[in-house]
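Each value in this text was obtained by applying a stated rule to the coordinates, not by laboratory testing. Just so we're clear, the structure is a prediction, and the values are computed from it rather than from any experiment. Every residue, glycine as well, gets a Cβ built from its backbone with ideal geometry; the counts of neighbours run over all protein chains shown.
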Amino acid sequence: METGVTVEKAIEIACQSPLSKLTEIKLLDEAIDRILATDLISKVNDPRFDNSSMDGWAVNSEDCLTMNTKLKIKGVSKAGQLEKISIERGEACKIMTGAPIPNGANAIVMVEDTNINDNVVSINGPARVDYIRKKGENIKKGQVTMFSGTLINSSAISLAATMGHDRLEVISKPKIAIISNGDELIQPGLSLSDGQIYESNSFGISALIKKMGGEPIRFNAVQDSLEGLRNALNSAVLTCDAVITSGGVSMGDWDLVRKIMEDEGDIKFWRVLMRPGGPPLFGKWKNKPLFALPGNPVSSHVVFTMLVAPWMSQSLGMHPEYGPKLADRVSVILQQPLKGAPNKLCLRRIRITNQNGKLIAKTHTHQGSGNIHSMLVHNAISLLPPDTDAIEGDQIEALWFR
Ligand code: AMP
Ligand code: MG
């Protein structure tokens, strides 16, 4: 077991015990918000054939070098038409958006720039070659346009259909158990007695797991008892691929997650050099990966963001750019001093706003790790290096929540 590791080292150690990447097939209508499990190749060219981007007239541009040219009308080309039309010099073919370009035509005149008189069309505007959408100019047949690990959004679904795919291979959602522990925790909606508080972490962690492409399985909070914890952990590993616990992992007399993992589990690391969120532990319970997150609500969110999300991403081969992400790394200019932490990466809650094209940041509320309201009021966390205080005007790195 390693203690007091950096965030990078913690992720590296956790990734030695990855989630297994399993896949399943989903019809396009069921694929939204899933993660693509393979690179996707186009079965067709897009466009499939040269076609018009305008309603107008297909012409030979050489015929339209002067204004008011008169061309003989030769047929109509509409989208979906099978018959192929040809024009000769001095002729024009009426054409609709998306319709194939007739043989002999190399430009389009917009319908607004023309007049019809009997069997003759007068051309009063430019004949433009760039109103022709060329075969394969968007996507070539056989081209990879979507990478394995991409989060499937509505555009990805349209693109997959454009390329001829009616179903997609996606990553199966790993089932992740969430077990909160603490005698004080009561399910929201019930009434509280003295000394009790509402249990909130399992709900927040559940939402984070969903955002990262997993399926959360929330267990009822367990009391501070070794037997209760043991039972919950044993039943979690029977049905789930990994376990996240909340609370009971630091130095208190009742921090029993740490104790049971020491005595009966297999700890890979304990304590990470960050603030807030110092006490987390990673290990295995009955050979399934287990993250023990601190109970303080801000800490549990921050540790999920810093450790659990990257572990899920790397385990499941999510694309660094197009995969699911909780936050984007940005540089911001501080509008106030920000105190760092001795020997630890300091993750202060900050609010980023865009002022005249510059990202500026400041803090608004009390920063205590018990204050979950601070996570809503702010929209980012600082990445202040260990032993670094920042002053007003300093440029620092931050994670901007999506
Ligand atoms: P612990 O890590 O168990 O020492 O808990 C640290 C702090 O977080 C205490 O104030 C707990 O009451 C609080 N806490 C622990 N678990 C939860 C939870 N699931 N929801 C809300 N607060 C919690
Ligand atoms: Mg506790």
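Some observations on this one:
- Computed [θ] at 222 nm, helices only, for the chain once each DSSP H run of length n ≥ 4 contributes -39500 (n - 2.57): -5000 deg cm²/dmol
- 3J(HN,Hα) along the stretch 173-183, derived from phi through the Karplus expression 6.51 cos²θ - 1.76 cosθ + 1.60 where θ = phi - 60°, amounts to 6, x, 7, 10, 6, 10, 10, 8, 9, x, 4 Hz, with x in place of Gly and Pro.
- Relative to the dominant Cα principal axis of the chain, helix 201-211 is inclined by about 30°.
- Only Cα pairs under 8 Å and 6+ residues apart enter the sum, and on that basis the relative contact order of the stretch 232-340 stands at 22 percent.
- Summarising the strand pairing of the chain, around 65 percent of its internal DSSP beta bridges are antiparallel.
- Cα shape, the chain, gyration tensor, a/c 1.5 rule: prolate
- Relative contact order %, the chain, counting alpha carbon pairs below 8 Å whose residues are six or more apart: 17 percent
- Ranked Thr145, Thr150, criterion: other C-beta atoms within 10 Å, fewest first: Thr145, Thr150
- Among Glu112, Glu169, sorting on how many other beta-carbon atoms sit within 10 Å of each Cβ, with the fewest leading, yields Glu112, Glu169.
- Degrees, to the nearest 10: 226-239 long Cα axis against longest axis of the chain: 30 degrees
- Look at the alpha carbon pairs under 8 Å that are at least 6 residues apart: their mean separation over the length of the stretch 51-133 gives a relative contact order of 41 percent.
- Along the axis of the charge dipole computed for the chain (Cβ charges of +1 for Lys and Arg, -1 for Asp and Glu, origin at the Cα centre), the listed residues Val222, Val59, Pro289 are led at the positive end by Val59.
- Convex hull volume of the Cα atoms of the stretch 259-402, normalised per residue: 113 Å³.
- Prolate/oblate/rounded call for the stretch 49-167, Cα gyration tensor, a/c under 1.5 rounded: prolate
- Leading residue at positive end of dipole, the chain (Cβ point charges), from Gly204, Met318, Ala156: Ala156
- Here the dipole of the stretch 351-402 is about 340 debye; that uses its Cα centre as origin and unit charges on the Cβ of Lys and Arg (positive) and Asp and Glu (negative).
- Cα gyration tensor category, rounded, prolate or oblate, for the stretch 327-401 with a/c compared to 1.5: oblate
- Where trypsin sites (Lys or Arg not before Pro) fall in DSSP loop in the stretch 87-168, at most 12 other Cβ within 10 Å: Arg89
- Taking Cα centre as origin and charging only the Cβ of basic (Lys, Arg, +1) and acidic (Asp, Glu, -1) residues, the dipole magnitude of the chain rounds to 660 debye.
- Under 12 Å from the Thr23 label point (7 Å along Cα→beta-carbon), backbone N, the stretch 159-177: 168-172
- Legend: ranking of residues Trp57, Trp400 from fewest to most surrounding C-beta atoms inside 10 Å; resulting order Trp400, Trp57.
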